[in-house]
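**Student:** So that we are looking at the same thing, I have put the structure below in structure tokens.
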Amino acid sequence: MKRFAAIFLSAVIASAAFGAPPPPQDWIRTGTGLGVEKIRLAVPDFKTATDPDSKKLAATFNVTLWNDLQAAGIFDIVSQSFYPLSAPGVPQEVRLGEWAAPPPNAGMLVFGNVAVQGGSLAVQGWLYDVKNAQSPQVLGKQYREDANDDNARLIAHRFADEIIFRLGGGIPGIAESRIYFVSSRSGAKEIWQMDYDGANQKQITHLGTMALSPHASPDGSRIAFSGVSNVEWQILMYSLELNRAVSFPRFQGTNLSPAWSSDGKWLAFSSSRAGDSEIYVADVMGSNPRRLTNSKGPDVSPTWNPKTNAQIAWVSGRTGLPQIYTMESDGTNVVRMTDQGYAVSPSWSPNGQLLAFAWVRHYGPGAPGASDIYVMDVASKQWVQLTHDGGRNDFPTWSPDGRHIAFQSNRTGKTQIWSMLADGSQARQLTTAGQNSQPNWSFK
Amino acid sequence: MGGTKLKLRRIQWIQVVLAVSVVLAVTACAKKKPPAPPPAPPPSPAPTAMLTANPNAIVAGQASTLTWRTDFATDVSIDGIGKVDPSGSMKVTPSDSTTYRLVAKNDTGSKEATARVTVTPAPPPPVTSSTPSESDAQLFSQNVKDVFFEYDSSEITAQYHSVLQANARFLQQHPNITFVIEGHCDERGSTEYNLALGDERANAAKQVLVQQGVSGGRIRTISYGKEKPFCTESTEECWQQNRRAHFVYGK
């Protein structure tokens, strides 16, 4: 327990200590690659009966749990080839010495069992501190749901999130979070959703014209997006609870890129209702819109500082090529953040300290450079480049835990949604069907 | 015995062949004979014929009028139509370009006249159901020209300012026409920024027209950013084509 407390503490300190001198690889505190040694975690397959139903659901559970822990970015997961021959299914079967010694040399052990009985799926799972022989149990959990594949995934997500919460500095895991995005696979661009790992992709809107820029409300009940309605770009609202569009006032001109404040009270968006495109803030019913910017050239893509809701970052073309700016949420104190190139699509990190955005640093006619994802520390304007794989990378969006960034990339030829750790590592493709763009990670 | 029978048969065959060839020869000779002189001593003059089509170029679905006149003809016909009066006119609505051939005959001889009607395919029907007059839509597309933009700019250059002035002159002469200005961008850059940029391009074009006296109430604008490119190659030529304010009749 002492050891666990020490690890817990060091993780908290590491994620909190923003002012400390940065290690060279990752001076920006994205919660990963902090120079702290990652916890070596052993995750043997959960035990189950030999009947086909049990085996099938256990397989789904095991794959999902493994992937969730792997994706979390805070563990060094021990390869299964190093594991002892018999995996424990219950605490009585655990021999800590086998796991603590090389080759596994694990710091933590995740184990348990999966049982399918009378149409219900029961899972018992434990997290053990391998080096604490006196009282090794960190977590012990039981789950019971109807026996089906979705629930096997769901239970794995929940258990993974418990482990990540306990070992990851008290930050809730994201295994149950969702990503909203734009897909053209139905023919027109529509809003879709998927689980954070790319599973369960579902179409939400059926506008038939064009729907872009989805942004989920903080409570996950609604999606605001911009769509062509009656040959005009309007902010449209879709209720995920009612499964239908709900009304939102129409404004004159072109209305684009809605963004929720994290307290769920305000929507920032771009509107040319007064002629030129500017940033406006209205309440979530669309009432009392007030203009924050007043400059020639496009002003689009606002994002709130979700920590305070007192600042907004956005994109402005007031000096020519688009650049990232920040301002107070009343429109004062405008600060230009990027100094060159073509910078768009800002997304403010959950801890309020970082902006992720897409940047072509050397841009100009005849020189179509690659658009890459960057992260900038708002206070110091220091930045780090996260993608280097060529192609156009755009629309970064932070995961609720601030450890991941999803984005769109055409590096494979077609535009698809990818996710990566916030230090740029572990990039993986989440979509394959059609062309997919503009991901927006749910608030929780 | 058998030999004699065979010979006999051969002879019979030869006789048949001969008989047939004689008949053929006789008829051939008969054909070569000059026509018998007409019984009536005063020979009628050769026929004359004239055929015109007005207009001689139409859009599919429209009609053209054929007009013809013949003299001295006893038998007048037009290919594809049949026998007609010696002089007259009729409307035709060919779906493809057609050459009409009129043949006027009498005892003395015959005379031909032709007229060609060129048919261009009909333009697709306008999307709106408000039945706008076709000529307005045609005139609009002939007279109102798109304007193009520099990279990352919504500024109307001098060249396109005069294009817009010409557009405005036409639009003032046709005050009933309403239209949409679509703003478009090239594929480079980001979706949201390009939608805002396209919006500015459409509005910039609209403002010039309004300054020139075209009522703003006749104009709608919409941006398509880089969502509906005219040209999909990644070349400067293509990008130039896509950086435009595009004029669409109606709506």
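The values are calculated or read from the model by the stated rules, or taken from the named source; none is laboratory data. Note that this is a predicted model, so its numbers are computed, not measured. Cβ sites come from the backbone with ideal geometry, for glycine too, and all protein chains shown count toward neighbours.
**Student:** Please specify each residue of the stretch A:38-87 satisfying the condition of being of a type in the set (S, T, N, Q), part of a helix (DSSP H, G or I) and under 20 Å from A:Arg153 (Cα atoms).
**Tutor:** A:Ser54, A:Thr60, A:Asn62, A:Thr64, A:Asn67, A:Gln70
Every residue, every condition in (1) among the polar types (S, T, N, Q); (2) more than 15 Å from A:His215 (Cα to Cα), yes or no:
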{"site": "A:Tyr280", "(1), (2)": "no, yes"}
{"site": "A:Thr293", "(1), (2)": "yes, yes"}
{"site": "A:Thr303", "(1), (2)": "yes, no"}
{"site": "A:Asn309", "(1), (2)": "yes, yes"}
{"site": "A:Ala313", "(1), (2)": "no, yes"}
{"site": "A:Thr319", "(1), (2)": "yes, yes"}
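**Student:** When the residues of the stretch A:322-338 are narrowed to those that are of a type in the set (S, T, N, Q) and within 14 Å of another protein chain (Cβ to nearest Cβ), which ends up farthest from A:Pro289 (Cα to Cα)?
**Tutor:** Applying the first criterion (of a type in the set (S, T, N, Q)) to the stretch A:322-338 yields A:323, A:326, A:329, A:332-333, A:338.
Keeping just the survivors that are within 14 Å of another protein chain (Cβ to nearest Cβ) gives A:323, A:338.
Details: A:Gln323: 24, A:Thr338: 28 Å.
Per the criteria, the residue is A:Thr338.
Residue by residue, here is whether (1) within 30 Å of A:Gly187 (Cα to Cα); (2) within 15 Å of the chain's Cα centre (by Cα); (3) not polar (S, T, N, Q) holds:
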{"residue": "A:Ala358", "(1), (2), (3)": "yes, no, yes"}
{"residue": "A:Asp389", "(1), (2), (3)": "yes, no, yes"}
{"residue": "A:Asp394", "(1), (2), (3)": "yes, yes, yes"}
{"residue": "A:Thr431", "(1), (2), (3)": "yes, yes, no"}
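**Student:** Then there is this: Can you go through B:Asp96, B:Asp85 and tell me which one is assigned to a loop (DSSP other than H, G, I, E, B), at pLDDT 75 or above, exposed (fewer than 10 other Cβ atoms within 10 Å of the Cβ) and not aliphatic (A, V, I, L, M)?
**Tutor:** Of the residues listed, the single one that is assigned to a loop (DSSP other than H, G, I, E, B), at pLDDT 75 or above, exposed (fewer than 10 other Cβ atoms within 10 Å of the Cβ) and not aliphatic (A, V, I, L, M) is B:Asp96.
**Student:** What do you reckon, is A:Ile204 among the β-branched types (Val, Ile, Thr) and not assigned by TED's automatic domain parsing to the domain that holds A:Leu421?
**Tutor:** Working: among the β-branched types (Val, Ile, Thr): yes; not assigned by TED's automatic domain parsing to the domain that holds A:Leu421: no.
Judged against the criteria, A:Ile204 is not a match.
**Student:** Now a separate question. A:Ser295 is checked against (1) small (Gly, Ala, Ser); (2) more than 28 Å from the chain's Cα centre (by Cα); (3) within 10 Å of chain B (Cβ to nearest Cβ) and fails just one. What number does that condition carry?
**Tutor:** Status for A:Ser295: all satisfied but (3).
**Student:** Restricting to the stretch A:279-292, give me the number of residues that are out of contact with any Pro (no Cβ under 9 Å at 6 or more places or on another chain) and either within 14 Å of chain B (Cβ to nearest Cβ) or of a type in the set (Lys, Arg) (or both).
**Tutor:** 2
**Student:** OK, next. Take the stretch B:180-198 and flag every residue that is assigned to a helix (DSSP H, G or I) and within 7 Å of chain A (Cβ to nearest Cβ).
**Tutor:** B:Thr191, B:Glu192, B:Tyr193, B:Leu195, B:Ala196, B:Leu197
**Student:** Report, ordered by the first and then the second residue, all pairs with beta carbons closer than 6 Å, sequence separation of six or more or different chains, a first member in the stretch B:148-166 that is more than 14 Å from B:Asn203 (Cα to Cα), and a second member that is of a type in the set (Lys, Arg).
**Tutor:** B:Val163/B:Lys145
**Student:** Now for a separate question. With the condition being surrounded by 23 or more Cβ atoms within 10 Å (Cβ to Cβ), within 13 Å of chain B (Cβ to nearest Cβ) and over 23 Å from the mean Cα position of the chain (by Cα), I'd like the strands (runs of 3 or more DSSP E) fully within the stretch A:225-271 carrying at least 1 qualifying residues.
**Tutor:** Those strands (runs of 3 or more DSSP E) span A:233-239, A:255-260, A:266-271.
**Student:** Would you tally the residues in the stretch A:160-214 being assigned to a loop (DSSP other than H, G, I, E, B), in contact with a Leu (Cβ under 9 Å, 6 or more places away or on another chain) and within 14 Å of another protein chain (Cβ to nearest Cβ)?
**Tutor:** Result for the stretch A:160-214: 2.
**Student:** Let me ask something additional. Please verify whether the stretch B:156-179 includes one or more residues that are outside any helix (DSSP H, G or I), at the interface with chain A (Cβ under 9 Å from one of its Cβ atoms) and at pLDDT 95 or above.
**Tutor:** The answer is no; no qualifying residue exists.
**Student:** Another question, if that's okay. If I filter the stretch A:325-333 for residues that are of a type in the set (D, E, K, R), part of a strand (DSSP E or B) and out of contact with any Asp or Glu (no Cβ under 7 Å at 6 or more places or on another chain), do I get at least one hit?
**Tutor:** Keep residues of the stretch A:325-333 that are of a type in the set (D, E, K, R), which gives A:328, A:330.
Applying the additional criterion that residues be part of a strand (DSSP E or B) yields A:328.
Within this subset, residues satisfying the condition of being out of contact with any Asp or Glu (no Cβ under 7 Å at 6 or more places or on another chain) are A:328.
Yes; the residues of the stretch A:325-333 include at least one that is of a type in the set (D, E, K, R), part of a strand (DSSP E or B) and out of contact with any Asp or Glu (no Cβ under 7 Å at 6 or more places or on another chain).
**Student:** To continue, here is another question. A:Asn309 - would you say it is part of a loop (DSSP other than H, G, I, E, B), more than 24 Å from B:Glu200 (Cα to Cα) and not acidic (Asp, Glu)?
**Tutor:** yes
**Student:** Give just the number: which of (1) polar (S, T, N, Q); (2) buried (at least 16 other Cβ atoms within 10 Å of the Cβ); (3) away from every other protein chain (no Cβ under 14 Å) does A:Ser437 not satisfy?
**Tutor:** Unmet for A:Ser437, out of (1) polar (S, T, N, Q); (2) buried (at least 16 other Cβ atoms within 10 Å of the Cβ); (3) away from every other protein chain (no Cβ under 14 Å): (3).
**Student:** Let me ask you something else. Starting from residues that are surrounded by fewer than 22 Cβ atoms within 10 Å (Cβ to Cβ), under 34 Å from the mean Cα position of the chain (by Cα) and of a type in the set (Ser, Thr, Tyr), keep the ones in the stretch B:199-234 and report whichever is nearest to the other protein chains (Cβ to nearest Cβ).
**Tutor:** Here the residue is B:Tyr224.
**Student:** Would you be able to say whether some residue in the stretch A:311-321 is more than 30 Å from A:Pro172 (Cα to Cα), within 14 Å of chain B (Cβ to nearest Cβ), over 24 Å from the mean Cα position of the chain (by Cα) and of a type in the set (Val, Ile, Thr)?
**Tutor:** yes
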